[in-house]
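This report concerns only the one structure given below.
The values are calculated or read from the model by the stated rules, or taken from the named source; none is laboratory data. Just so it is clear, the structure is predicted and the values come from calculations on it, not from any experiment. No Cβ is skipped: glycine too gets one built from the backbone with ideal geometry, and neighbour counts run over all protein chains shown.
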């Protein structure tokens, strides 16, 4: 897989797709808030019609792997994914 940088909207979309698949709902029914804390690291909250799902850093990486498989039709198991906090772009993901 070639090097790719996902912007914050793509990371959000990946989480929407992942949560929608987990909860058997449409991705458009999922709203996501991304967060970063110096002590806790990266996390996300996904809100949908019947509830809320909290995602850890690890689950965010799983969501990006799911997005790679579903959207890019690439093998996600070979991708090295690193979440980063960018001063301008927000939370991004670098994939190699």
Problem set entry | Neighbours by Cβ (under 8 Å, 6+ apart or cross-chain): first from segment 29-48, part of a loop (DSSP other than H, G, I, E, B); second at pLDDT 95 or above and surrounded by 19 or more Cβ atoms within 10 Å (Cβ to Cβ) | 30/15; 30/16; 30/19; 30/46; 30/48
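A quick yes/no check of all residues on (1) surrounded by 13 or more Cβ atoms within 10 Å (Cβ to Cβ); (2) under 10 Å from the mean Cα position of the chain (by Cα):
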| residue | (1), (2) |
| --- | --- |
| 33 | no, no |
| 47 | yes, no |
| 60 | yes, yes |
| 64 | yes, yes |
Problem set entry | Residues of segment 80-96 that turn out to be in a strand (DSSP E or B) and surrounded by fewer than 17 Cβ atoms within 10 Å (Cβ to Cβ), as a count | 6
Exercise. Among (1) in contact with a helix residue (DSSP H, G or I) (Cβ under 7 Å, 6 or more places away or on another chain); (2) within 14 Å of residue 85 (Cα to Cα); (3) modelled with pLDDT under 95, which single condition is residue 49 missing?
Worked result: (2)
Seminar exercise, completed: Every listed condition ((1) surrounded by fewer than 17 Cβ atoms within 10 Å (Cβ to Cβ); (2) in contact with a strand residue (DSSP E or B) (Cβ under 7 Å, 6 or more places away or on another chain); (3) under 27 Å from residue 75 (Cβ atoms); (4) in contact (Cβ under 8 Å) with a residue 40 or more places away in the chain) holds for residue 21 save (2)
Problem set entry | Residue among 77, 56 that alone is free of Cβ contacts under 8 Å to residues at least 24 places away in the same chain, in contact with a strand residue (DSSP E or B) (Cβ under 8 Å, 6 or more places away or on another chain) and exposed (fewer than 14 other Cβ atoms within 10 Å of the Cβ) | 56
